[in-house]
1. For the range 1-33: of the residues being at pLDDT 75 or above and more than 20 Å from Val133 (Cβ to Cβ), which is surrounded by the fewest Cβ atoms within 10 Å (Cβ to Cβ)?
2. So is Ile60 β-branched (Val, Ile, Thr), more than 24 Å from Phe34 (Cβ to Cβ) and in contact (Cβ under 8 Å) with a residue 24 or more places away in the chain or not?
3. Could you check, for the range 45-58, whether at least one of its residues is at pLDDT 95 or above, aromatic (Phe, Trp, Tyr) and either farther than 16 Å from Gly17 by Cβ or assigned to a helix (DSSP H, G or I) (or both)?
4. Do we have Tyr69 as at pLDDT below 90, within 16 Å of the chain's Cα centre (by Cα) and either surrounded by 11 or more Cβ atoms within 10 Å (Cβ to Cβ) or not in a helix (DSSP H, G or I) (or both) here?
5. Can you tell which of Ala84, Ala95, Ala131 is out of contact with any strand residue (DSSP E or B) (no Cβ under 9 Å at 6 or more places or on another chain), under 19 Å from Leu33 (Cβ atoms), surrounded by 15 or more Cβ atoms within 10 Å (Cβ to Cβ) and among the small types (Gly, Ala, Ser)?
6. Scanning for something closer than 17 Å to Val16 by Cβ, touching a Leu at 6+ places or on another chain (Cβ under 8 Å) and at pLDDT below 95, does the range 108-125 turn up at least one residue?
Amino acid sequence: MINIGRALAPHYLAVVGKFAIIGPGIGVLIVLLFEGLDSVPDPGNFLFVVIVFGYALGLIPAALAGMIYTVAWSMRSHLPRLSARQFGTLLGTVAGLVAFPVFTATAMSSGMPDDLQVYLLPAFAGAVCGALVAREREQAHDMTDEYGHSSE
């Protein structure tokens, strides 16, 4: 059984925090790449774009994806042929794809976006975040038992 309280342990919060810090920035970069180089704002507005569109809109879904990633890591034993980084990438992609619609459905009155491109942002950002924190998550998982108690 998945223990949500376990995801709040200090060594798990580091993983969630990295999703929240890295994920929105990756989302902004992807948007800039999709829109083309001619849409890159001047340096004065670039910080505004990153903060408003990246972090104001992406912080909560990214943190939620980090929580899903952290809680679901225990499923790693079902895919033993994947390395920690491969599993982290896969799980990060799924966590991003789950977190974004959950956030959108609860926070936006307009409902779910119809554009498929919008769903690629959290999937790709989750994949990158998942790959970056996979080794750390693996080590945190090895330090705890199934109930989240530290073995140190």
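1. Within the range 1-33, the match that is surrounded by the fewest Cβ atoms within 10 Å (Cβ to Cβ) is Leu33.
2. no
3. No.
4. no
5. Every option except Ala131 fails the conditions.
6. Within the range 108-125, one or more residues are closer than 17 Å to Val16 by Cβ, touching a Leu at 6+ places or on another chain (Cβ under 8 Å) and at pLDDT below 95.
The values are calculated or read from the model by the stated rules, or taken from the named source; none is laboratory data. Quick caveat: nothing in here was measured; it's all calculated off a predicted structure. Methodologically, a virtual Cβ is constructed for each residue, glycine included, from the backbone with ideal geometry; neighbour enumeration extends over all protein chains shown.
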